[in-house]
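For reference, the structure is listed below as structure tokens.
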Amino acid sequence: QDPGDLSLTGDVTDEADNCSTGLEATYADSTAAGSCANESVISRTWTLTDDCGNTTTATQTINVVDTTAPTFTVPADVTIECDEDATDLSLTGDVTDEADNCSSELEATYDDGFEDGSCPSEVIISRTWTLTDDCGNTTTAVQTITVTDSTPPVLSDTPADQTVECPEVPAPAELSASDNCGMAELSFNEEESEGACAGETILTRTWTAVDACGNETIHIQIITIQDTTAPVLVGELDSEVEAFCDEVPDAPELTFEDACSDNITVEFEEISSNDGSSSTYEIIRTWFVSDDCGNSDTFTQTVFVSPSANINGIDSELCPEDLFVANLFDFLEGDYPLDGEWIVSQGNVTLTGSEVDNIPFDDLEAQYIFTYIVDDADCPSQTSFTITIDEECDNLCIDADNVVISKAVTANGDQWNECFQIKLIDPDGEENFIRECEFTIEVQIFNRWGAKIYENMNYDPDSDCWDGDAHSNSIGSSGKVPTGTYYYIVNLRNSGLKPFAGPIYVGTN
């Protein structure tokens with residue numbers, strides 16, 4: 001307030017003088033400091049003067065005081081997160097509109113009081129603001145700061161949904177949880193539900209992180225366990241099998257397993273191309289395997305069926321009387337049944353079983369062809385051979401007892417039994433007088449299955465040497481034959497003797 005405003009501080013009154021009517025009142029102020037910056041003591045000396053200069057003085061004391069508190073606007077109540085700094089006034093607010101009637105320098109301070117919130121991470125702050133002027137006059141106001149925890153925890157290393165093949169199920173992932181205002185409790189749960197079939201499953205894995213104020217974060221991983229793999233065979237199955245027609249093996253009993261299903265369906269089918277006309281045919285065996293989820297596979301075995309043994313007919317040259325006493329089974333080589341049928345394919349001859357029954361010598365033919373028929377549903381065959389009649393029979397220079405044929409060939413380089421030998425010995429003991437006989441030596445070698453592995457239709461014992469080779473120009477594969485028992489047919493053409501046949505042991509190791 002203005003001390004010069006006499007309406008506030010007062011003016012002189014009751015002026016009087018014995019002679020003058022015009023009196024003049026004046027004053028002079030003397031100021032002393034008060035108790036604070038805005039206070040003072042004014043000593044005002046009033047002087048009243050009449051027309052003749054006569055004066056009267058009196059002193060007035062004016063005390064200038066500051067008792068008015070300052071004013072301000074308190075920050076509005078505010079809510080902040082628990083991880084925010086309540087002392088950061090840029091977040092919580094500061095006082096505004098500070099004013100005072102006397103002071104230009106005002107000081108604003110605050111004092112915080114704390115009250116627990118609804119959970120450990122929450123608190124209510126009562127902030128009391130105080131504005132003070134230079135003379136210590138104060139004004140207070142309260143701001144409420146509510147510290148809340150509404151932020152959920154954070155889960156790290158969260159796994160994505162997966163689709164895996166049964167039974168490969170991954171182990172649950174190792175997750176960690178963190179919270180902005182404290183610790184978080186992590187829990188795990190797994191639920192299993194049925195899939196589309198017995199081998200399929202759906203796993204629902206749930207991780208839940210909860211902080212002290214109940215804020216939670218949930219991560220869900222869906223693992224689809226599927227079954228797309230067909231059952232597999234336990235053990236081995238030969239996809240191709242070779243068998244003789246009279247030794248066809250039964251279909252094997254196969255065992256299958258499945259990684260996810262114990263209900264395996266197996267259907268078996270066998271188809272044969274055998275129409276009864278040949279001993280060479282195929283059998284196709286098929287196993288159809290499936291599991292509960294419809295996964296299927298097919299396993300196939302093909303059996304290549306061949307004649308049980310090639311029945312070989314031995315072409316021969318005989319004298320007429322030899323044919324008359326001949327048993328036709330003597331001209332067959334191989335493993336054959338005895339209940340087949342003999343027929344004459346060429347020549348005017350009658351048979352009784354396998355015996356030549358009658359020859360019309362007045363109509364003697366040069367050649368006779370005989371055929372042996374085996375009528376078997378699985379192993380049918382027809383084998384023919386030719387017997388040539390030598391009407392003169394002039395080449396009978398040896399007897400069958402004079403023919404010596406090797407029983408073994410051991411082609412191992414020890415100079416013994418290196419070659420297949422055919423020796424002719426006369427009654428006097430002379431060997432190899434074969435050149436004195438005008439006939440040709442025909443040699444055929446067969447393996448145990450009747451396959452011809454060597455043939456020489458003009459075999460010279462002095463220059464030719466069969467030492468276990470299956471020559472490339474012979475029937476069958478070429479190369480050194482394995483050690484084992486083989487069979488030979490030796491025909492001394494034009495000798496008048498029946499062909500010689502028998503086993504021979506071959507050692508090639």
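Every read-out reported here was derived from the displayed coordinates using simple, explicitly stated rules and does not represent laboratory data. Predicted model only: the values in this text are computed from it and were never measured. Cβ atoms come from the backbone with ideal geometry, glycine included; neighbour counts cover every protein chain shown.
Observations
- Rg/Rh ratio calculated on Cα atoms of the stretch 1-148 (Kirkwood radius): 1.36
- CD proxy at 222 nm, helix term only [per DSSP H run n ≥ 4: -39500 (n - 2.57); per residue of the chain; nearest 500]: -500 deg cm²/dmol
- Taking the chain and dividing mean pair separation by its residue count, relative contact order in percent (alpha carbons under 8 Å, at least six apart): 7
- Mean projected area in nm² (Cα convex hull; one quarter of hull surface) for the stretch 240-288: 4.3
- More than 24 Å apart - percent of Cα-Cα pairs taken over the stretch 122-269: 65
- Amide hydrogen neighbours beyond the local backbone of residue 245, cut-off 5 Å, H modeled: 306, 308
- Cα gyration tensor, the stretch 83-167 - rounded (a/c under 1.5), prolate or oblate: prolate
- Protection proxy ranking for 197-204, 258-265, 49-56, using the average of other Cβ atoms within 10 Å per residue and placing the highest first: 197-204, 258-265, 49-56.
- Under 14 Å from residue 498, Cα to Cα: aspartates and glutamates that are on another chain or at least 8 residues apart: 315, 317, 321, 322, 330, 333, 390, 399, 401, 442
- Taking amide H as placed 1.01 Å from N in the peptide plane, the amide H of residue 44 sits under 5 Å from that of 30, 60, 61, 62, each at least 5 places away or on another chain.
- The lysines within cross-link reach of residue 480, meaning a Cα-to-Cα straight distance under 24 Å and a gap of 8 or more places when in the same chain, are 407, 452.
- The GluC sites (Glu not before Pro) found in the stretch 90-193 that occupy coil by DSSP, while having at most 14 further C-beta atoms within 10 Å, are 105, 168, 174.
- Amide H partners (placed H, <5 Å) of residue 73, local residues excluded: 96, 97, 98
- All other residues whose Cβ lies under 15 angstrom from that of residue 173 are scored, Lys and Arg at +1 and Asp and Glu at -1, for a net of -3.
- Globularity ratio of the chain, using Cα Rg and 2.2 N^0.38 Å: 2.80
- Karplus-derived HN-Hα couplings along the stretch 202-214 (A = 6.51, B = -1.76, C = 1.60, θ = phi - 60°), whole Hz, x at Gly and Pro: 10, 9, 10, 9, 10, 10, 10, 10, 10, 8, 5, 9, x
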